[in-house]
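One structure is given here, and the rest of the page talks about it.
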Amino acid sequence: MSSSVLLMSMSVDGYIAAPNDGPGNPGGDDFMRLHEWYQGPDGEFGRPAGEPGAIWDELHATGALLVGRRTAEQVDYYGGDHHGVPIFVVSHDPGPVSYDNVYFVNDIETGMAQAKEAAGGKDVLVHGAVTAQSALAAGLLDELQISQVPVLFGSGLRLFDVLPRRVELEIVRVIDTAQATHIRYQVLR
């Protein structure tokens, strides 16, 4: 059975985007600090060595992506290709996108249902703060893979700024490295 899994890197103080995040500066000033754990010495993204490589493998084994419009726009809808899977964008106002693999949905429930169907039994990758918060509120997010990076941003965009209720989590796995502590949680219902 497919699970929905949020995969995010964040600062110790809870930020997933740095100050001055916006169009033209996706992720904000020094945003890449949150993603150094999976960059090679040449600065290119790739499978990290050692135990964190499992996170990269899990990400690339997902069968669909569910993302909010703001996040999708900032990365140009992943160029229509996020590891070859369908991309479902939650938005009440679909934009003019010409990528064949990008589908707009009006709400989180429809988006998750369509993404799970398209995933064909594989997990659904979830990206974006608002999408994560909406999925949690609707009881549709199954797991969180948080890579907590040892930095304090002090401002920016927080991952869990607004939640409608308390959410209990169970720690499923911890991978501790010098670059980040990678914690996988299961959402308890």
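The values are calculated or read from the model by the stated rules, or taken from the named source; none is laboratory data. Keep in mind that this is a model prediction, so the values were computed, not measured. When we count neighbours, we look across all protein chains shown, and the Cβ atoms used for this are built from the backbone with ideal geometry, even at glycine.
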Task: Selection count where residues are out of contact with any strand residue (DSSP E or B) (no Cβ under 8 Å at 6 or more places or on another chain), surrounded by fewer than 19 Cβ atoms within 10 Å (Cβ to Cβ) and assigned to a helix (DSSP H, G or I), scope segment 91-134 - done: 4
TODO: Filter segment 2-24 down to the residues that are in contact with a Lys or Arg (Cβ under 9 Å, 6 or more places away or on another chain) and among the hydrophobic types (A, V, I, L, M, F, W, C), then identify the one that is nearest to residue 180 (Cα to Cα).
DONE: 10
Task: Subset tally (residues that are at pLDDT 95 or above and either closer than 14 Å to residue 129 by Cβ or among the basic types (Lys, Arg) (or both)) for segment 161-174 - done: 1
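Could you say which residue among 172, 97, 167, 162 is over 16 Å from the mean Cα position of the chain (by Cα), free of Cβ contacts under 8 Å to residues at least 24 places away in the same chain and at negative phi?
97
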Task: Number of the exception - residue 158 against (1) among the basic types (Lys, Arg); (2) at pLDDT 95 or above; (3) surrounded by 15 or more Cβ atoms within 10 Å (Cβ to Cβ) - done: (2)
TODO: Could you grab me the full set of residues in segment 146-155 that are over 17 Å from the mean Cα position of the chain (by Cα) and either surrounded by fewer than 17 Cβ atoms within 10 Å (Cβ to Cβ) or under 14 Å from residue 5 (Cα atoms) (or both)?
DONE: 150, 152, 154, 155
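Conditions (1) at pLDDT 95 or above; (2) out of contact with any Cys (no Cβ under 7 Å at 6 or more places or on another chain); (3) within 21 Å of residue 179 (Cα to Cα), marked per residue:
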{"position": "39", "(1), (2), (3)": "no, yes, yes"}
{"position": "42", "(1), (2), (3)": "no, yes, yes"}
{"position": "49", "(1), (2), (3)": "no, yes, yes"}
{"position": "56", "(1), (2), (3)": "no, yes, yes"}
{"position": "64", "(1), (2), (3)": "yes, yes, no"}
{"position": "72", "(1), (2), (3)": "no, yes, no"}
{"position": "76", "(1), (2), (3)": "no, yes, no"}
{"position": "86", "(1), (2), (3)": "yes, yes, no"}
{"position": "91", "(1), (2), (3)": "no, yes, no"}
TODO: Could you check, for segment 70-88, whether at least one of its residues is at positive phi, part of a loop (DSSP other than H, G, I, E, B) and in contact with a helix residue (DSSP H, G or I) (Cβ under 8 Å, 6 or more places away or on another chain)?
DONE: yes
